[in-house]
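Down below is the structure, laid out as structure tokens.
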Amino acid sequence: MQESLIDIREAAYYKEVAAHKDWHVHAHRTMTALAATGKPFTADDFREAMGEIKPAHHNAIGSFFRVASQDGLITPTGRFVQSRTSSRHAAAIREWVGTPAAHQPQAA
């Protein structure tokens, strides 16, 4: 049996990249900007910053956060806060912060 090259929890993100390349570009810029502030943020903040740019699959944002964390851009603060997104019904969501690498200027 052949092992999968990606974790199943990342599949929605990679499907989004394949289907809607523009979403990935905007998502990466938004995540980089949020991480560079040094302030804690949540997926709700990310969605708000993305504005009208929505992924085709509802799991893409969670998958994207996982990939950004594995890439060393963000790390969990250890806190959970109440979601402001109505579809989440005030559920607890993880709070994130940019890593020191996120505060480094990007090469041109």
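The values are calculated or read from the model by the stated rules, or taken from the named source; none is laboratory data. This structure is a prediction, so every number in the text was calculated from the model and none was measured. Cβ coordinates were reconstructed from backbone atoms using ideal geometry, including for glycine residues, and neighbour counts include every protein chain displayed.
Please work out which residue is modelled with the highest pLDDT, limiting yourself to region 85-108 and to residues that are assigned to a loop (DSSP other than H, G, I, E, B) and within 16 Å of the chain's Cα centre (by Cα).
Of everything passing the filter in region 85-108, 99 is modelled with the highest pLDDT.
Going through region 22-59 one residue at a time, which ones are in contact (Cβ under 8 Å) with a residue 60 or more places away in the chain and either farther than 17 Å from residue 95 by Cβ or not small (Gly, Ala, Ser) (or both)?
32, 34, 37
Yes or no, residue by residue, for (1) hydrophobic (A, V, I, L, M, F, W, C); (2) on the phi < 0 side of the Ramachandran plot; (3) out of contact with any Pro (no Cβ under 8 Å at 6 or more places or on another chain); (4) surrounded by fewer than 13 Cβ atoms within 10 Å (Cβ to Cβ):
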position	(1), (2), (3), (4)
30	no, yes, yes, no
52	no, yes, yes, yes
62	no, yes, yes, no
69	no, yes, no, no
81	yes, yes, yes, no
91	yes, yes, yes, yes
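Does any residue of region 4-14 turn out to be assigned to a loop (DSSP other than H, G, I, E, B), among the polar types (S, T, N, Q), at pLDDT below 90 and in contact with a helix residue (DSSP H, G or I) (Cβ under 6 Å, 6 or more places away or on another chain)?
Within region 4-14, not a single residue is assigned to a loop (DSSP other than H, G, I, E, B), among the polar types (S, T, N, Q), at pLDDT below 90 and in contact with a helix residue (DSSP H, G or I) (Cβ under 6 Å, 6 or more places away or on another chain).
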